[in-house]
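The values are calculated or read from the model by the stated rules, or taken from the named source; none is laboratory data. Keep in mind it's a predicted model, so treat the numbers as computed, not measured. Don't worry about glycine lacking a Cβ; one is built from the backbone with ideal geometry, like all the others, and counts go over all protein chains shown.
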Amino acid sequence: MTTRILHRLLKLIKTNKKFLIVSHISPESDAIGSSIALALGLKKMGKSVYVLNRDPVPDILKFLPSAKIVTRKIPSGKFDVMFIVDCPNMERTGLKNLRAKITVTIDHHLLLSQVIPKQSLNLIDPKASATGELVYKLLHSLHVTIDKAIATNLYTAILTDTGGFRYSNTTPESLKIASRLVAAGADPWEITKEVYENFSFNRLRLVSLCLPTIEKKGKITSITVTRDMFKKTKTSIEDTESIVDFPRQIKGSEVALLFREDRKNLYKISLRSKGKVNVAKIAKTFGGGGHANAAGCKLTGSLTEVKGKIFKAVKSAIKN
Ligand SMILES: [Mn+2]
């Protein structure tokens, strides 16, 4: 992050009182953890903070300290500053009619649209492993003491966005910050148990139904989840988060795909690259977005049609 933007942001925070924090729809650890940590930090500075999300906090993240401050109730008043965290724009929040004098985006996704609204400040760093990393730096610059609650939220954010410190976004910087968060009270094993060793029995039953759909065509691997599978196992979208890891784990897989049936003839596609193919570019051509190694998009059509289109696009990306 540039020092100029950081200085403007520090001044903006110090001179204002009423803050609103929003994040993307279907929030995961980085969205929720960053929102809560930023809120707790601002509260420590005596600020009034409202944390809003269109969707509820996933059950698996309810262990996060102060998870209850995330509300779904649209506030009526006007705020001084609105923070949009872990997403590039207002559109991705699924929220409307929020009033604030100035908007600040804190994110690490690649900017899809070059339209930066007036009256806004953007702390965007695609090199950051997680938005949690940027929030850590911001709170540190504000001289906020990182306590156990803040540390637990930020550690969880960075842990999950780096796939448990395994993905290529695991950098000296992200490990250094994680180390400081552990020193400040985040407990790696307690958090790991909550995040990775806490799946419901039904979730594993869903996995057992998906596994037979695994395919491998050259360097492309895929797995499919249908609405019928959700119904049979009493599971939901939340339970599919790590299913794309299965095709990715296959030897020789360069791009792994998850086809998730959200509605009849509407599929959400998760794309994962092992590093050679920029899947954000592919997702973008279908109106989606994400990172070079993890992206997503939605397509309408039958499963055969959708798979055909995506496989074709990925195949040509691998060729080039
Ligand atoms: Mn993130």
Could you go through region 216-235 and let me know if any residue there is exposed (fewer than 14 other Cβ atoms within 10 Å of the Cβ), in contact with a helix residue (DSSP H, G or I) (Cβ under 8 Å, 6 or more places away or on another chain) and either modelled with pLDDT under 95 or acidic (Asp, Glu) (or both). no
Long-range neighbours under 7 Å by Cβ, at least six apart or interchain, first residue under 16 Å from Ser35 (Cβ atoms) within region 146-165, second of a type in the set (D, E, K, R): Ala157/Asp30; Ile158/Glu133; Thr160/Glu28; Thr160/Asp30; Asp161/Asp30
Single match in Pro172, Pro88 (criterion: touching a strand residue (DSSP E or B) at 6+ places or on another chain (Cβ under 7 Å) and surrounded by fewer than 22 Cβ atoms within 10 Å (Cβ to Cβ)): Pro88
Does Thr170 qualify as being hydroxyl-bearing (Ser, Thr, Tyr), within 16 Å of the ligand (Cβ to nearest atom), within 20 Å of the chain's Cα centre (by Cα) and assigned to a loop (DSSP other than H, G, I, E, B)? yes
Do we have Thr213 as surrounded by fewer than 19 Cβ atoms within 10 Å (Cβ to Cβ), free of Cβ contacts under 8 Å to residues at least 60 places away in the same chain and within 16 Å of the ligand (Cβ to nearest atom) here? no
Any residue in region 298-307 that is farther than 29 Å from Ser200 by Cβ and of a type outside the set (S, T, N, Q)? yes
Subset of region 16-47 [near the ligand (Cβ under 10 Å from one of its atoms), part of a helix (DSSP H, G or I) and touching a helix residue (DSSP H, G or I) at 6+ places or on another chain (Cβ under 7 Å)]: Ser29, Asp30, Gly33, Ser34
From Arg72, Arg54, grab the single residue that is farther than 26 Å from Thr3 by Cβ, away from the ligand (no atom under 16 Å from the Cβ) and in contact with a helix residue (DSSP H, G or I) (Cβ under 7 Å, 6 or more places away or on another chain). Arg54
Which pairs do you get when a residue that is more than 15 Å from Ile223 (Cα to Cα) and not assigned by TED's automatic domain parsing to the domain that holds Arg227, found in region 294-308, comes within reach of a residue that is modelled with pLDDT of 95 or more and part of a helix (DSSP H, G or I), reach meaning Cβ atoms under 6 angstrom, with the pair 6+ apart or on two chains? none
Taking the condition of being more than 16 Å from the ligand (Cβ to nearest atom) and not in a loop (DSSP other than H, G, I, E, B), how many residues in region 81-106 meet it? 10
